Amino acid sequence: MLFLLNDKIAEIDIPEIHLSKRWKSLGCGDPYGMRARDALDFVTRVVADHVREGIPIDTVLIQDLGSLIIAKTGANAALFPAQDGNVSEPRLTILPEAILRTLKQRADQEGTLPNIEEIWPLAA
């Protein structure tokens, strides 16, 4: 399954299995006791820390965060708008796998990230 976090796409084989193996190292606490809002608050904090520090989010972390979001909300795409080092309320959506696959292939071939301005207005 593909997951879009802002402008980065990661492949997550089986999100629930991935989460069951990685939740302790992710540091989110027991994900099975979390509500969707708690999961989004946790992911927002992690993304905000990376934005504030100017650290890119690596693929493994995208897979971890994506697994949590998928497990708790069913969404396969999340936008965490960032302005002036602050991250605002996330937007979630479910995009067709074919669209995500096309975006990933284009990004891999061209070496560029997907343009979130093309994706998110249509997903809203």
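A few remarks follow.
- Meets criteria (modelled with pLDDT of 90 or more and over 12 Å from the mean Cα position of the chain (by Cα)) for Asp49: yes
- Output for segment 81-124, where each listed residue is of a type in the set (Val, Ile, Thr) and surrounded by fewer than 12 Cβ atoms within 10 Å (Cβ to Cβ): Thr112
- Unmet criterion (only one of (1) out of contact with any Ser or Thr (no Cβ under 9 Å at 6 or more places or on another chain); (2) modelled with pLDDT of 95 or more) for Gly29: (2)
- Checked against the criterion of being small (Gly, Ala, Ser), part of a helix (DSSP H, G or I), crowded, with 19+ Cβ neighbours inside 10 Å and touching a residue at least 12 places away in the same chain (Cβ under 8 Å), the candidates Ala10, Ala71, Ala48, Ala78 yield just one match: Ala71.
- For segment 16-33, the criterion of being assigned to a loop (DSSP other than H, G, I, E, B) and under 27 Å from Thr102 (Cα atoms) is satisfied by no residue at all.
- For the residues Lys104, Lys21, the requirement of being over 12 Å from the mean Cα position of the chain (by Cα), modelled with pLDDT of 95 or more and not polar (S, T, N, Q) singles out Lys21.
- Which numbered condition Leu95 misses (of (1) touching a residue at least 60 places away in the same chain (Cβ under 8 Å); (2) part of a helix (DSSP H, G or I)): (2)
The values are calculated or read from the model by the stated rules, or taken from the named source; none is laboratory data. As the structure is a prediction and not an experimental result, all values here were calculated from the model. All Cβ positions, even for glycine, are placed from backbone atoms using ideal geometry, and neighbour counts span all protein chains on display.
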